[in-house]
Structures are given as C-alpha cells and as structure tokens.
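Please treat every number below as a calculation from the coordinates, not as lab data. The structure displayed is predicted, hence computed values, not measured ones. FYI the Cβ positions are ideal-geometry reconstructions off the backbone, even for glycines, and counts take in every protein chain you see.
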Amino acid sequence: MNQEPFLTVQNVSHVFGEQQKVLTNLSFALPNGGFTALVGPSGVGKSTLVRLLAGLLRPSSGQIQYANGQPPSIGLMFQKDNLMPWRTAYENVRLPLEVQGVANEGVDTVVNKMLNLVGLNGFAQSYPAQLSGGMAQRVALARALVHRPLLLLLDEPFGALDALTRERMGQELLRIWAALPVTVFMVTHSIQEAVLLADEVMVMGGQPAKIAARIQIALPRPRSMEMVGSEQFQQYSRAVRQAIEEEVIGN
C-alpha cells in the first residue's frame, strides 16, 4: 500500500448556523489506499466530517486538499441502503453510471461484475423488497463502487444489521477493498469493527469535536474474526475504548 497522503485535512472547522460550532481545527491525512476508521460518541460530528470529505458541505474554515489537487471520484454509503424500491438490484447499481452519462455497451458487464464481486450473482433482477437487509447493503455497496471511485466514504454502513450479518459484511468489505484500488474512510460505533478492519482508528470527541487520538492498528493482513480473541487485538480495543471514555468523561 502506498503511504503517500491521498488527502490532507488542515485546520478544518465547521459551524452550523451562526453559533453551533461542530468541528474545530481538525488536521489529519489519509494514506493512499489505506483503510481508516473513525469512532466517537454519538452526535459528536462524525457524519458531518464524512459530508465535508464528500464535498456535500464546505468547511467553515480550513482546507481539504487532495494529492492531485482535484477532488477524486467518490463512493458514498450510509447506514440506510437508500435503494430505489421501484428499481431492481441491477438498476440500482447502474444508477451512478447513468448519472455520469455512461451509456456504452460495457455498462452491462461492469454492473454485473460488481454484483458478482459483492456476492449477489443471481439477484440482479430482484427488487429491494425481495432482499434481506444484508443483501440490500451489498447492493448499496456495489452502487457506491460501480464507477470505480478512488475514495470510499462509509457512514456506519452496517449499523442496522444483526451481529452475524454485520461480521460477514465486514469480511466482505475487506475482501473487496483488497480487490479494488480504493482509499476507505469509515465511521463506525463498533470498536471491534474498527480495530478488525482498519489500518488506523481515529477517535473524535469534544464539544466542538476534535481528533482526540489516532491509534495505528498493526495486526497482520488478511484479517479474520479469529483475531478478535487474540491479546494483541484486545490491547488495541482497550486503547480505543479508553480514548473514547476519556472524551465522554471529559465532556
């Protein structure tokens, strides 16, 4: 993995309205091709940061700079799958290509390859109501990746799933990340998920919020659920939990 910064956040603050300061002086860099997780108390501003990175919001102050000087292609996925119920899985995944005006003969191949990549071979013509929660999230993930973005932003993407499905989706995400050249930034409330998936876990806290801790996760890859019981994994989990608790108690 290339460790050159893919994007750099410099002294970014954000204010809603005239007085509600949500984020203050955030500074960090995401490595090219890396997997970074962000954790912190509910309501602290994690989703606001995702929207800033996605370009859906502009920071009130500070800068977000990309390696090539221009915002990259971005895939975005939220906790709700936000699938269009009147469109099949195939048609939902195809949507970003339609928005971009891509209409060549290769679209069918690209969409079907992405459905296969997320394990939905045979479900292309299924509607969202015919899919389980985990399958719907797979469609949403395929839709976020079909245009081959360089940056994948995930805002608690598996939070609504049951524990076993969530674990499976985490493993699927690692498999897909290994197969595609994409930089991942993921918000999660699960310490276990953050430690298992990421190269680095950032802890956000405070009012207004700041990056309170950055913990490098040096677990070997590929990673599996069997690692969760290891002492090294538990040490990282305790470090992340302690950093979160310090922010909660301190505020």
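In nm, to one decimal, how far is the residue 121 label point from the residue 86 one, both placed 7 Å along Cα→Cβ?
3.3 nm
Taking each pair of different alpha-carbon atoms in region 148-251 once, compute 1/r for the pair, average those values, and report the inverse of that mean as the Kirkwood hydrodynamic radius in Å to one decimal.
14.6 Å
Taking only C-alpha pairs under 8 Å that are 6+ residues apart, what is the relative contact order of region 164-251 in percent?
28 percent
What is the sum of charges, Lys and Arg at +1 and Asp and Glu at -1, for the other residues whose Cβ falls under 13 Å from the Cβ of residue 230?
Spelling it out: positives minus negatives among the neighbours equals 0.
Calculate, for residue 65 and residue 129, the FRET efficiency according to 1/(1 + (r/R0)^6) with r their C-beta to C-beta distance and R0 35 Å; round to the nearest 0.05.
0.25
Quick one: net charge around residue 90, please, counting Lys, Arg +1 and Asp, Glu -1 for every other residue with C-beta under 11 Å from its C-beta.
In short, +1.
When 1/r is averaged over all different Cα pairs and the result inverted, which Kirkwood radius in Å belongs to region 1-94?
Computed over region 1-94, the radius equals 15.3 Å.
How do 225, 202 line up, fewest other C-beta atoms within 10 Å first?
Fewest-to-most ranking of 225, 202: 225, 202.
What does the charge count around residue 37 come to, taking other residues whose C-beta lies under 10 Å from its C-beta (Lys +1, Arg +1, Asp -1, Glu -1)?
So the environment of residue 37 carries a net charge of -3.
Between 93, 107, 118, find the one with the highest GNM mean-square fluctuation for the chain; connect C-alpha pairs within less than 10 Å.
107
Compute the whole-percent fraction of alpha carbon pairs in the chain spaced more than 29 Å apart.
Here the long-distance tail beyond 29 Å is 31 percent of all Cα pairs in the chain.
Can you sort 86, 177 from fewest to most other Cβ atoms within 10 Å of each residue's own Cβ?
Ranked by crowding around the Cβ, least crowded first: 86, 177.
Under a straight-distance cross-link criterion of Cα-Cα below 19 Å, which aspartates and glutamates are reachable from residue 113, leaving out those fewer than 8 residues away in the same chain?
Cα-Cα hits under 19 Å: 91, 98, 105, 172.
Compute the helix-to-body angle for 163-179: its Cα long axis versus the longest principal axis of the chain, expressed 0 to 90° and rounded to tens.
80 degrees
Leaving out same-chain residues fewer than 8 places away, which lysines sit with a Cα under 20 Å from that of residue 80?
46
Reachable aspartates and glutamates from residue 210, Cα under 17 Å, same-chain residues fewer than 8 places away excluded?
The qualifying aspartates and glutamates are 200, 245, 246, 247.
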